[in-house]
1. Find the residue count for region 269-284, including only residues that are among the β-branched types (Val, Ile, Thr), open to solvent by less than 10 Å² (accessible area, probe 1.4 Å) and either under 17 Å from Ile76 (Cβ atoms) or part of a helix (DSSP H, G or I) (or both).
2. For region 105-131, name all the residues that are surrounded by 12 or more Cβ atoms within 10 Å (Cβ to Cβ), modelled with pLDDT under 85 and part of a loop (DSSP other than H, G, I, E, B).
3. Looking at (1) out of contact with any Asp or Glu (no Cβ under 9 Å at 6 or more places or on another chain); (2) in a helix (DSSP H, G or I), which one does Glu258 not meet, given that it meets all the others?
4. Out of the residues in region 243-259 that are modelled with pLDDT of 90 or more and open to solvent by 80 Å² or more (accessible area, probe 1.4 Å), which is nearest to the chain's Cα centre (by Cα)?
5. Could you list all residues from region 146-159 that are closer than 15 Å to Glu272 by Cα and within 13 Å of the chain's Cα centre (by Cα)?
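The values are calculated or read from the model by the stated rules, or taken from the named source; none is laboratory data. Predicted model only: the values in this text are computed from it and were never measured. Positions of Cβ are generated from backbone atoms using ideal geometry, with glycine treated the same way; all protein chains shown enter the neighbour counts. Calculation scope for accessible area: heavy atoms of the full protein, side chains included, ligands and nucleic acids excluded. Shrake-Rupley method; radii C 1.70, N 1.55, O 1.52, S 1.80 Å.
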Amino acid sequence: FFRIISCTITTTLLLLTSTMPSTAFTQPITSASPKSILTINSAAMIGRVDFAYLRDNCATTNDTKISEVEPNNNSIATIRDLIFELGAITGMICTTFMSVPHDFNRTDDESRPSPNDDPFWTEPSPQKEELSRQLGELFLHLFRISASCHLDLCTCVLKKIELNGQKYPVELCKGKAGKYTDYSEHTGITTTEGQCTINTPTKASSNDMEDTSTVEGITILIRNFADERLWHRHHCPRNIALAMMGEVGELAEIFQWEKDEGELDMKMTEKELDKVGQEVADVT
């Protein structure tokens, strides 16, 4: 099970939304929708669901615009509070996933799991709308965490995709569910070496569909990444939700012994902040 989950380390939330026809990016706008989700839907309707638009126009759960997060408000205590909030949102998502249809895993062939495997994923329902809202809130919360750490979420995601391409060469891991350390002899990337993305270039798009400035474009980029390695057979909603929960835990682990004292810039090195960016990208 955990070998399968290791294949989903790259930006799990975008993969999850790509397996669900009705998400926070496409569901109809209603007067009851939170302001943040209304903004996402407005962006979708005019074809502008790009990272910069969300960062500059969306509000978080406390109605503070992400772009207005105070650059100096980066105390360790504040960031730990944000991660506690992220855990709470993740918990709500996990509670919802306890009552969705079980995954239909295709492990014996190369086909992608389909939403048509169960009508729950194709028919409107209050439960699915609530799941969409929760996913949207989590996505926007990652913008807020990134801003508080002086990180650009889109850049973090693209750098992590590029690094994962080096950790998981297609010719070595196609059709396999091994961990990246299984290929260390060939890649030179170990648990302690080759993990930094400070000087890593951002992943470039290979075609017009992979617009790396937009949510949709990066989703396509990730799906292509998985398809090349035949990992998509494992990318069912509940699989990805569990992988996301694991990645939230890895982000929390960075701050668990920091105590609620001091400023981020004074306590964390550039390399440590790079690790934060990588874990935020993995959740995304």
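1. The first filter runs over region 269-284 and keeps only residues among the β-branched types (Val, Ile, Thr), leaving 269, 276, 280, 283-284.
Within this subset, residues satisfying the condition of being open to solvent by less than 10 Å² (accessible area, probe 1.4 Å) are 276, 280, 283-284.
After this cut, where a residue has to be either under 17 Å from Ile76 (Cβ atoms) or part of a helix (DSSP H, G or I) (or both) as well, the list is 276, 280, 283.
So the count comes out to 3.
2. Listed by number, the residues that qualify are Asn105, Arg106, Arg112, Pro113, Ser114, Asp118, Thr122.
3. Failed condition: (2).
4. Per the criteria, the residue is Met245.
5. Restricting attention to region 146-159, the residues satisfying the condition of being closer than 15 Å to Glu272 by Cα are 146, 148-151, 156.
Matches in region 146-159: Ser146, Cys156.
Okay, residues lined up against (1) touching a residue at least 60 places away in the same chain (Cβ under 8 Å); (2) open to solvent by 10 Å² or more (accessible area, probe 1.4 Å); (3) hydroxyl-bearing (Ser, Thr, Tyr); (4) on the phi < 0 side of the Ramachandran plot:
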residue	(1), (2), (3), (4)
Arg133	yes, yes, no, yes
Pro201	no, yes, no, yes
Thr212	no, yes, yes, yes
Val215	yes, no, no, yes
Ile218	yes, no, no, yes
Arg223	yes, yes, no, yes
Ala226	yes, no, no, yes
Trp231	yes, no, no, yes
